[in-house]
1. Looking at region 72-94 only, could you name the residues that are crowded, with 16+ Cβ neighbours inside 10 Å and modelled with pLDDT under 90?
2. With the requirement that a residue be open to solvent by 30 Å² or more (accessible area, probe 1.4 Å) and farther than 23 Å from V155 by Cα, what does region 28-62 give you?
3. Please tell me if G171 is within 18 Å of L115 (Cα to Cα) and surrounded by fewer than 22 Cβ atoms within 10 Å (Cβ to Cβ).
4. Any idea which of R40, R63, R128 is of a type in the set (K, R) and over 23 Å from E17 (Cβ atoms)?
5. May I ask you to list the residues in region 98-130 that are buried (at least 18 other Cβ atoms within 10 Å of the Cβ), touching a strand residue (DSSP E or B) at 6+ places or on another chain (Cβ under 8 Å) and of a type in the set (A, V, I, L, M)?
6. Has region 146-163 got any residue that is without any contact (Cβ under 8 Å) to a residue 24 or more places away in the chain, among the acidic types (D, E) and away from the ligand (no atom under 16 Å from the Cβ)?
7. Among the helices (runs of 4 or more DSSP H) contained in region 113-175, which hold 2 or more residues that are under 17 Å from the mean Cα position of the chain (by Cα) and of a type outside the set (D, E)?
8. Condition test on V66, is it within 15 Å of the chain's Cα centre (by Cα) and either crowded, with 23+ Cβ neighbours inside 10 Å or within 21 Å of A133 (Cβ to Cβ) (or both)?
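The values are calculated or read from the model by the stated rules, or taken from the named source; none is laboratory data. Just so it is clear, the structure is predicted and the values come from calculations on it, not from any experiment. Cβ placement follows ideal geometry from the backbone for every residue including glycine, while neighbour counts extend to all protein chains displayed. Heavy atoms of the whole protein, side chains included, go into the accessibility calculation; ligands, DNA and RNA do not. Shrake-Rupley method; radii C 1.70, N 1.55, O 1.52, S 1.80 Å.
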Amino acid sequence: MTPVTLNAHQVLCEAGEPIEKVYFLRSGFVSLCSVDENGRAVETGSICAHGLVGSDVLLGSTRANVCAIVAFSASEAWGVPTTAFLQGCEACPSLAAFAKHQIRSLLLQAQQNALCHALHSIEARFCRWLLQASNAARTNELDVTQEFCARLLGVQRTSLSITAHQLQQAGYIRTVRGKVRIIDRNQLENIACECYGRHRHTLDQLGWAGSYSAGPNREYDRLLAE
Ligand SMILES: [Zn+2]
């Protein structure tokens, strides 16, 4: 395995390209985006610390269905060639079980996100995303631009700017030079759509595969050491 430090907006795998490596995410947040013919993208899933990027190779996928984009700089991961990962899954049932947990998490996320994009407001979705990303990065100061958030949410940049301005006027967030600081988490939780709670519940149900738990994850480290 090769330890790598990931940069903000780094693309780990383009949609349609061969999945040459999978990534065990040690820290940070990776957005999985479906992309249309015109290059417009929308986030259909996400992977936080202790999760796995590229888990669907276990189902036989050889090319990525989605684009995997790193949200924050200085994220850490272990990169493993896909062939070595599949051999590892055959030799190590706990590794295969972990990958299946990750696949199930992404399936549930995709189903929830389909509902979210169709039915929930930009404001509710933006608050949901900020909270999810904040939990994953374990900080209230997110190194993300509004342009990046707008792309992930599949909305116009101007629409997101209006929403961010309203949240800032209310004193719930502060946006400064490509950063978003969460000022009042409780108010964001009140505004965020129900998908935020469901996403956390899903992760809790699935246990340690892509958990929000703070600090080192011994079970994850033990799996990587096998
Ligand atoms: Zn929602």
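1. Correct list: F72, S75.
2. Of everything in region 28-62, those that are open to solvent by 30 Å² or more (accessible area, probe 1.4 Å) and farther than 23 Å from V155 by Cα turn out to be D56, L58, L59, G60, S61, T62.
3. Working: within 18 Å of L115 (Cα to Cα): no; surrounded by fewer than 22 Cβ atoms within 10 Å (Cβ to Cβ): yes.
So G171 does not fit the description; no.
4. On the way: R40 fails: over 23 Å from E17 (Cβ atoms); R63 fails: over 23 Å from E17 (Cβ atoms).
The match here is R128.
5. A99, L106, L130
6. There is at least one residue in region 146-163 that is without any contact (Cβ under 8 Å) to a residue 24 or more places away in the chain, among the acidic types (D, E) and away from the ligand (no atom under 16 Å from the Cβ).
7. Working: elements: 122-137, 146-153, 157-169.
The qualifying helices (runs of 4 or more DSSP H) are 122-137, 146-153.
8. Values: within 15 Å of the chain's Cα centre (by Cα): yes; either crowded, with 23+ Cβ neighbours inside 10 Å or within 21 Å of A133 (Cβ to Cβ) (or both): yes.
In short, yes.
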